[in-house]
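Report on the structure given below.
The values are calculated or read from the model by the stated rules, or taken from the named source; none is laboratory data. All of these numbers come straight from a predicted model, not from anything done at the bench. Neighbour counts are summed over all protein chains in view; Cβ atoms, including those assigned to glycine, are modelled from backbone coordinates with ideal geometry.
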Amino acid sequence: MSNITFIIFARNEEKRISYVIRNLIGYGEVIIFDGGSTDKTKEISEHLGARFVPRPPSDKKYVETQENFDFIKSITKTDWIYWGYADNIAPKTLAEEMVRISLQDKIKHVVIPLYTYLWGNTRNYAHKGGAPMLYHKDFMNYEKNYMHGMGQFTGSSDQKMTLPKKKEYALHHFSTYNIAKFTAGHLSYAEEEAHYKYRSGKKFSSLRMLAAMVRYCWIFRTGLKNPRLGLIIMLSYAFSRFMVYARLYELENGITLESMERNYSAAKEKMLEEFK
């Protein structure tokens, strides 16, 4: 018995979806909240006993929205929601602890440790963090959320808890990137984040850009246990921060391919005047 519905965001996850369903199906209902899969995600999910639910149409490029949260609440019967993704796997200790938490009354919001593996290296994790991926659905709000944000807790501080930072209580995040997929994916993230900063009135700053790049190198320093791959990971994530601030600079200054061509055309015409 549990009081959790496991919400798994997915799109074209036929290679990974079976693992997360098999991981969690014994601890509560698993709903695959799908963003338009064209592969076998639906067939695999339903065969394994999960409920496949298409996400409502949205013009937003990210899934962490109030609209999605309201829809999730409308299709779930449990008090607790696990907000997850197809590339995360929970150890048995963690799965059992989530069930235990869902059956008590004091805690309403749980930060779960998150160990991230990158570039196929499973010998050691590249990043050790945490995320509030388990909560009572009556104590969360996503109205002011942003891409990769995890909502705002509306309860009190004594209703929050963080699980021990140990492997047996951590989600294991198997992130599938090579440099081509990383660059394409994070360029899309950078576009959305830069527009969010621009709309919020935040200005480009060289110092903030450099600080963000250094910070991401520091965050992913654990990857240096494998020195060559670790350096690739650190510099890739530092570059992801560079892309955000570079795009913010372009937005502030109205720099587009069209504006470049206008400026270049004017300069070329001026140079050609001496040939008349």
Here are M133, M150: which of them is within 20 Å of A10 (Cβ to Cβ) and assigned to a loop (DSSP other than H, G, I, E, B)? M150
Filter the range 80-115 down to residues that are assigned to a helix (DSSP H, G or I) and either touching a Phe, Trp or Tyr at 6+ places or on another chain (Cβ under 8 Å) or not assigned by TED's automatic domain parsing to the domain that holds F139 (or both), then give me how many there are. 9
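Here's the yes/no breakdown for (1) touching a helix residue (DSSP H, G or I) at 6+ places or on another chain (Cβ under 8 Å); (2) small (G, A, S); (3) modelled with pLDDT under 95:
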position	(1), (2), (3)
A170	yes, yes, no
I179	yes, no, no
N226	no, no, yes
L235	yes, no, no
G254	no, yes, no
S265	no, yes, no
E274	no, no, yes
Just the residues that are buried (at least 16 other Cβ atoms within 10 Å of the Cβ) and either basic (K, R) or farther than 25 Å from Y249 by Cβ (or both), please, taken from the range 176-195. Y177
Among the residues of the range 226-244, how many are more than 19 Å from the chain's Cα centre (by Cα) and crowded, with 19+ Cβ neighbours inside 10 Å? 1
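Conditions tested, residue by residue: (1) among the hydrophobic types (A, V, I, L, M, F, W, C); (2) over 22 Å from E64 (Cβ atoms); (3) out of contact with any Cys (no Cβ under 7 Å at 6 or more places or on another chain).
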residue: A126; (1), (2), (3): yes, yes, yes
residue: G130; (1), (2), (3): no, no, yes
residue: H148; (1), (2), (3): no, no, yes
residue: Q152; (1), (2), (3): no, no, yes
residue: T162; (1), (2), (3): no, no, yes
residue: K167; (1), (2), (3): no, yes, yes
residue: K181; (1), (2), (3): no, no, yes
Output the residue which, of all residues in the range 1-11 that are surrounded by fewer than 22 Cβ atoms within 10 Å (Cβ to Cβ) and over 15 Å from S175 (Cα atoms), is modelled with the highest pLDDT. N3
How many of the residues in the range 102-155 are without any contact (Cβ under 8 Å) to a residue 60 or more places away in the chain and among the hydrophobic types (A, V, I, L, M, F, W, C)? 9
Could you tell me which residue of the range 12-30 is surrounded by the most Cβ atoms within 10 Å (Cβ to Cβ), considering only residues that are touching a residue at least 60 places away in the same chain (Cβ under 8 Å) and touching a helix residue (DSSP H, G or I) at 6+ places or on another chain (Cβ under 6 Å)? I17
For the range 31-54, which positions are more than 27 Å from R100 (Cα to Cα) and in contact (Cβ under 8 Å) with a residue 24 or more places away in the chain? D34, G35, G36, S37, T38, D39, K40, T41, I44
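Can you name every residue in the range 165-182 that is more than 18 Å from S102 (Cβ to Cβ), outside any strand (DSSP E or B) and in contact (Cβ under 8 Å) with a residue 12 or more places away in the chain?
K165, K166, K167, E168, A170, T176, Y177, N178, I179, F182
Report whether or not D138 is part of a helix (DSSP H, G or I) and closer than 24 Å to S74 by Cβ.
yes
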